[in-house]
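Participant: Have a look at this one before I ask anything.
The values are calculated or read from the model by the stated rules, or taken from the named source; none is laboratory data. What you see is a predicted model; the values in this text were computed from it and never measured. Counting neighbours? That spans all protein chains shown, and the Cβs are built from the backbone with ideal geometry, glycine included. With ligands, DNA and RNA removed, areas are computed over all heavy atoms of the protein, side chains included. Shrake-Rupley method; radii C 1.70, N 1.55, O 1.52, S 1.80 Å.
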Amino acid sequence: MNPRLDALHPYPFEKLRALMAGAVPPAGLAPVSLSIGEPKHPTPAFIEDALRASLKGLSAYPATKGSPALRQAIAAWIARRYGIAPPDADTQVLPVLGSREALFALAQTVIDPSSDSIVLCPNPFYQIYEGAALLAGATPAFVNADPARNFGSDWSSVPAETWRRTALVYVCSPGNPAGNVMDLDAWRTLFALSQEHGFVIAADECYSEIYLDEAEPPLGAMQAAQAVGLTDYRNLIVFSSLSKRSNVPGLRSGFVAGDAALIARFLLYRTYHGSAMSETVAAASLAAWNDEAHVIENRRQYRAKFDAVLPILQDVLDVARPDASFYLWARTPGSDTVFARGVFEQQNVAVLPGSYLAREAHGTNPGAGRIRIALVAPLDACVEGAQRIAAYARTLR
Ligand SMILES: Cc1ncc(COP(=O)(O)O)c(C=O)c1O
């Protein structure tokens, strides 16, 4: 057996199940689940239609590099979305089976297992980054979210000795769980460090289309690279996904884009790993990337939930509207695990303790004392959940 498997941490939802063991919520209250970040809005009919219309694609093995038409549609989407020249669809874009597998696979491509490499992760973070690092034979290290920077990472706080060993940095912007967006100055700092030390930047942008102000789409890593003159995206690879944007988490469709040299190595790895997108999924994905109307409607629904839920929660908890994402990152009065168990036991509402999304690093768990509330349920259920969370929080005063 691969001994590295034993280094993997239990997933946050396993910990949540253990935390709730033996808790019996009131039978008269219907459950409200706000713990898992799974989009629940219906899949647009035109995407289902495109999938159905392409079922013939199942009869052929797909190419790992993906269909040229899809790569071109993705390159054109990047250009429209970020106001930059389209990346080269042949060398700078690759369809992937959702961002999760690609985030994992990139570490296996980039890390030299015989070295003493570090993989730097934000903290709190999406747990795949850490698992990818461990299974690639690297050591994960963490940059704690800084509340004074809207929960962003202070890259200049990382010691030179850590940078020297760093092979890969995961960036999550917009962030999970705080929905924070990395600004151009922070990108400039990180790009300069990458050029100096040679590490790869994996920019996880799976929440890039779930933002709250139509006039202010989040800055993307490729956009930032162009703005600072990193025109060939050297050492940069971005990860994007249709799961949240288009409400198709089951389609397993996304893309990576950026540094052509990195993508060539990634393509080689993926050929052996067997990660190729079926033509059927590619046809549905192409339809999805070519349409923005459904994404605007999707954002409208999330905005309506934030508008309805925030006044209820802000009355009793320290919680703010995020820049993007469908999460609220609320401070708890006291322990986050006690709060999560209490609100489940007394109100039948599931939320995720922040400490389960983070590691103890630099003397603290930066997720402790917060909960993540995912506004994925229908509007009514989110409002009901917020009212019950507020009612529970009032009992703690
Ligand atoms: C931060 C982050 N990155 C990546 C993913 C993976 O999404 P997908 O594989 O559906 O693209 C998720 C899913 O919840 C996420 O929260």
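Participant: Would you kindly derive the ³J(HN,Hα) couplings of region 381-391 from the backbone phi angles with the Karplus curve 6.51 cos²θ - 1.76 cosθ + 1.60 (θ = phi - 60°), listing them in order in whole Hz, with x for Gly and Pro?
Facilitator: Running phi through 6.51 cos²θ - 1.76 cosθ + 1.60 with θ = phi - 60° gives 5, 5, 5, 4, x, 5, 4, 6, 4, 4, 4 Hz.
Participant: Report in % the part of the accessible area of the chain that belongs to carbon and sulfur, leaving out ligands and nucleic acids; probe 1.4 Å.
Facilitator: Working: 8860 of 16040 Å².
Summing carbon and sulfur atoms, their accessible area is 55 percent of the total for the chain.
Participant: Given +1 on the Cβ of Lys and Arg, -1 on the Cβ of Asp and Glu, and no further charges, what dipole in debye does the chain carry about its Cα centre, rounded to the nearest 20? Don't skip to the answer; put the middle values down first.
Facilitator: Numbers: 34 positive and 38 negative charges, 125 e Å.
Approximately 600 debye in magnitude.
Participant: Just to confirm the filter: which trypsin sites (Lys or Arg not before Pro) across region 135-230 are DSSP coil and have at most 16 other Cβ within 10 angstrom of their Cβ? Spell out each step's value before the answer.
Facilitator: On the way: sites: 149, 164, 165, 188; in loops: none.
Answer in residue order: no site qualifies.
Participant: From the phi of every residue in region 102-118, what ³J(HN,Hα) in whole Hz does the Karplus formula 6.51 cos²θ - 1.76 cosθ + 1.60 yield, where θ is phi - 60° and glycine or proline is x?
Facilitator: Listing the rounded values in order: 6, 4, 5, 5, 4, 4, 5, 7, 8, 7, 8, x, 8, 9, 9, 5, 10 Hz.
Participant: Further question on the same structure: Before I look further, what does the chain give for accessible area per residue, probe 1.4 Å, in whole square angstrom?
Facilitator: On the way: 16040 Å² over 397 residues.
Accessible area per residue, the chain: 40 Å².
Participant: In region 192-279, which GluC sites (Glu not before Pro) fall in coil by DSSP and have 11 or fewer other Cβ atoms within 10 Å? Don't skip to the end; give the middle numbers.
Facilitator: On the way: sites: 196, 205, 209, 214, 279; in loops: 205, 209, 214.
Of the GluC sites (Glu not before Pro), the ones in loops of region 192-279 whose Cβ has at most 11 other Cβ atoms within 10 Å are 214.
Participant: Amide H of residue 372 versus every other amide H placed in the peptide plane: which residues, excluding those fewer than 5 positions away on the same chain, fall under 5 Å?
Facilitator: It is 352, 354, by chain and number.
Participant: May I have the pair-distance distribution P(r) for the chain, computed from all Cα-Cα distances with 20 Å bins from 0 and rounded to whole percent?
Facilitator: The distribution over the chain is 28, 58, 14, 0, given as percents.
Participant: What 222 nm value per residue comes from the helices of the chain, counting each DSSP H run with n ≥ 4 as -39,500 (n - 2.57) and dividing by all residues, nearest 500 deg cm²/dmol?
Facilitator: Values: 14 runs with 159 residues, N = 397.
The helix contribution divided over the chain gives -12000 deg cm²/dmol.
Participant: I'd like the Karplus ³J(HN,Hα) series for region 320-337: coefficients 6.51, -1.76, 1.60, θ = phi - 60°, whole numbers in Hz, and an x wherever there's a Gly or Pro.
Facilitator: Couplings: 10, 5, x, 5, 7, 5, 10, 10, 10, 10, 9, 7, 9, x, x, 5, 5, 6 Hz.
Participant: If you don't mind, there's one more thing I want to ask. How would you rank 65-73, 223-231, 101-109, 51-59, highest first, on the average number of other Cβ atoms within 10 Å across their residues?
Facilitator: Highest to lowest by the protection proxy: 101-109, 65-73, 223-231, 51-59.
Participant: I've got another one for you. Considering only the other residues whose Cβ falls under 15 Å of the Cβ of residue 117, what net charge follows from Lys and Arg at +1 and Asp and Glu at -1? Write out the running numbers ahead of the final one.
Facilitator: Working: positive: 4, 164, 165; negative: 112, 116, 130, 161.
Local charge sum for residue 117: -1.
Participant: Can you give me the relative contact order of the chain as a percent, contacts being Cα pairs under 8 Å and 6 or more apart? Write out the running numbers ahead of the final one.
Facilitator: On the way: 786 pairs, mean separation 100.7, N = 397.
The value is 25 percent.
Participant: Could you work out how far apart the two model spin labels at residue 17 and residue 215 are, taking each label as a point 7 Å from the Cα in the direction of the beta carbon, and quote it in nm?
Facilitator: Result: 4.7 nm between the two label points.
Participant: Moving on to the next point. Take the chain, connect every pair of alpha-carbon atoms lying under 10 Å apart with a spring to form a Gaussian network, then pick out the residue of 137, 250, 28 with the largest mean-square fluctuation.
Facilitator: Evaluated over the chain, the most mobile residue of the options is 28.
Participant: Which order do the peptides 1-13, 312-324 come out in when sorted by mean C-beta neighbours inside 10 angstrom, highest first? Numbers along the way, then the final one.
Facilitator: Details: 1-13: 11.5, 312-324: 18.4.
So the order, starting with the most tightly packed, is 312-324, 1-13.
Participant: Sticking with this one: Only bridges whose two residues both fall in region 53-291 count here: according to DSSP, what percent of them are antiparallel, nearest 5?
Facilitator: Values: 10 of 28 bridges.
Bridges in region 53-291 that DSSP calls antiparallel: roughly 35 percent.
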